[in-house]
Amino acid sequence: MAKEVVLTGLRANAEFHLGNYLGGILPMVQLQKKHAGKYQLNMFIPDLHSFTTPIDHGKLYEQTHKNLKYFVAAGLDIDQPDTFIYRQSYIPAHSELTWILDCFTGFGEMSRMTEFKDKAAQIGEDRISIGLFNYPVLMAADILIYSAKYVPVGEDQRQHVEFARDIAVRINNKFGDIFVLPSDNAEQLKFAGREKPVRIRSLRNPDKKMSKSVEDPAGTVMLSDSPEEAVKKIIEATTDSLAKINSDFERQPGVANLLQILALLTGASQSKVNNEWGGKSSYGELKRAVADAVSSFLKELQDKLAAIDDKKLMQKLEADEEAMRKVADATLLKVQKAVGLRPV
Ligand code: TRP
């Protein structure tokens, strides 16, 4: 029997920072380690999703590939035969299926999507694209076209995965057995192990998430920062005036954030790190330890990045795209037949 499919998207366009690494890249690499051999893993780059909000298009193509390389540098194993990596836009069936699903999706249903409402509120009505509105339908196509069962995603994407299941049920009710249903939310959570999502904070505004923003360059360690630049940012991180180390995100978010970074980078459990540092008074010492960890992490990651065989990676990408195009086309044809676009 064919292996069940676990599918997830690898973010494409934004430049990566330490928060992306610890909260997104690393979990993805661990996911592969955990499931390789037992499941088919589709780890794809949703490049068509990357400009549902405005971006610099001159950078998209290159950034997509650079980001993929960061995943490989972080340990994503491209020799694993059950892992398929591919770019969404290289498999046109995703887009074609999206159009068909669009015609069975309610306007009201999409208007109620939380992420859409949040982003729309942020960017202002006149800049909202239909692409942003339609984002969940393309995501549903990404999932359904490969009959994916499990879709590990962050909290903010859960609703979209549930929509994929809803639309699959709707199509199956109308046209018969077309799609394999993705697992329901409870099963998805069970599969993902319900781990608490990692949220790395800004080093300067520890009440906020670390993010790549022009206003806060000192609060964000980019994966492309030199180890020296990163050390400086850690040493200058905002803490508090309590002079007592304690992992309390409410009262001491800066210190708690440093403890979190230290645990994740050194691979020690959070409780071990908290016990080791808890009650001590020297923030300088803690910063030094974090700075050392960040510095050796960046050095190693950047060395690995430089050692990647680009040609081999491109070959893998293209071979997987060819294989996945066949799978996607077959699903699309089934749908095209069902809706009357192709002879049965
Ligand atoms: N929307 C996802 C994110 O922002 C990326 C994504 C696109 C995705 N299509 C997907 C994730 C399909 C899982 C399955 O992270």
- Query: Checking Asp329 against (1) at negative phi; (2) modelled with pLDDT under 95, which test does it fail?
  - Reply: (2)
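Conditions tested, residue by residue: (1) of a type in the set (Phe, Trp, Tyr); (2) assigned to a loop (DSSP other than H, G, I, E, B); (3) touching a residue at least 40 places away in the same chain (Cβ under 8 Å); (4) more than 21 Å from Thr220 (Cα to Cα).
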{"residue": "Glu15", "(1), (2), (3), (4)": "no, yes, yes, no"}
{"residue": "Asn20", "(1), (2), (3), (4)": "no, no, yes, no"}
{"residue": "Gly23", "(1), (2), (3), (4)": "no, no, yes, no"}
{"residue": "Gln32", "(1), (2), (3), (4)": "no, no, yes, yes"}
{"residue": "Met43", "(1), (2), (3), (4)": "no, no, yes, yes"}
{"residue": "Lys59", "(1), (2), (3), (4)": "no, no, yes, no"}
{"residue": "Gln63", "(1), (2), (3), (4)": "no, no, yes, no"}
- Run Ala291 past the list (1) assigned to a helix (DSSP H, G or I); (2) within 24 Å of the chain's Cα centre (by Cα) and report the number of the one that doesn't hold. (2)
- Message: I'm checking my understanding of the structure. Among residues of the range 126-142 that are more than 20 Å from Leu332 (Cβ to Cβ), hydrophobic (A, V, I, L, M, F, W, C) and free of Cβ contacts under 8 Å to residues at least 40 places away in the same chain, which one is nearest to the ligand (Cβ to nearest atom)?
- Response: Phe133
- Message: So the check is Cβ under 6 Å with 6+ separation or different chains; which pairs have a first residue in the range 155-167 that's within 7 Å of the ligand (Cβ to nearest atom) and a second one that's at pLDDT 95 or above and part of a helix (DSSP H, G or I)?
- Response: His160/Pro136; His160/Met139
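Just to be sure, is Lys272 farther than 30 Å from Ala330 by Cα, at pLDDT 95 or above, assigned to a helix (DSSP H, G or I) and in contact with a helix residue (DSSP H, G or I) (Cβ under 8 Å, 6 or more places away or on another chain)? Reasoning before the result, please.
On the way: farther than 30 Å from Ala330 by Cα: yes; at pLDDT 95 or above: yes; assigned to a helix (DSSP H, G or I): yes; in contact with a helix residue (DSSP H, G or I) (Cβ under 8 Å, 6 or more places away or on another chain): yes.
When the stated conditions are applied, Lys272 passes them.
What residue, among those in the range 191-238 that are among the basic types (Lys, Arg) and in a loop (DSSP other than H, G, I, E, B), is farthest from Gly24 (Cα to Cα)? Talk me through it step by step, then tell me what you get.
At the first step, the residues of the range 191-238 found to be among the basic types (Lys, Arg) are 194, 196, 199, 201, 204, 208-209, 212, 232-233.
Now restrict to residues that are in a loop (DSSP other than H, G, I, E, B): 194, 196, 199, 204, 208, 212.
On the way: Arg194: 15, Lys196: 13, Arg199: 10, Arg204: 21, Lys208: 17, Lys212: 14 Å.
This residue is Arg204.
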- Message: Would you confirm, using the coordinates I've provided, whether Ile235 is surrounded by fewer than 20 Cβ atoms within 10 Å (Cβ to Cβ) and touching a residue at least 24 places away in the same chain (Cβ under 8 Å)?
- Response: yes
- Only one residue in Ile100, Ile145, Ile123 is within 13 Å of the ligand (Cβ to nearest atom) and either touching a helix residue (DSSP H, G or I) at 6+ places or on another chain (Cβ under 6 Å) or in contact (Cβ under 8 Å) with a residue 24 or more places away in the chain (or both). Which one? Ile145
- Task: Scan the range 120-157 for residues that are surrounded by fewer than 16 Cβ atoms within 10 Å (Cβ to Cβ), at pLDDT below 95 and in a helix (DSSP H, G or I) and jot them down.
- Result: Ala121, Gln122, Ile123, Glu125, Asp126, Arg127, Glu155, Asp156
- With the condition kept exactly as written, say whether any residue in the range 17-29 is within 15 Å of the ligand (Cβ to nearest atom), more than 30 Å from Ala230 (Cα to Cα) and of a type outside the set (A, V, I, L, M, F, W, C). no
- Among the residues of the range 73-92, which ones are within 16 Å of Gly9 (Cβ to Cβ) and in a helix (DSSP H, G or I)? Gln88, Ser89, Tyr90
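The values are calculated or read from the model by the stated rules, or taken from the named source; none is laboratory data. This is a predicted model, so every value here is computed, not measured. When we count neighbours, we look across all protein chains shown, and the Cβ atoms used for this are built from the backbone with ideal geometry, even at glycine.
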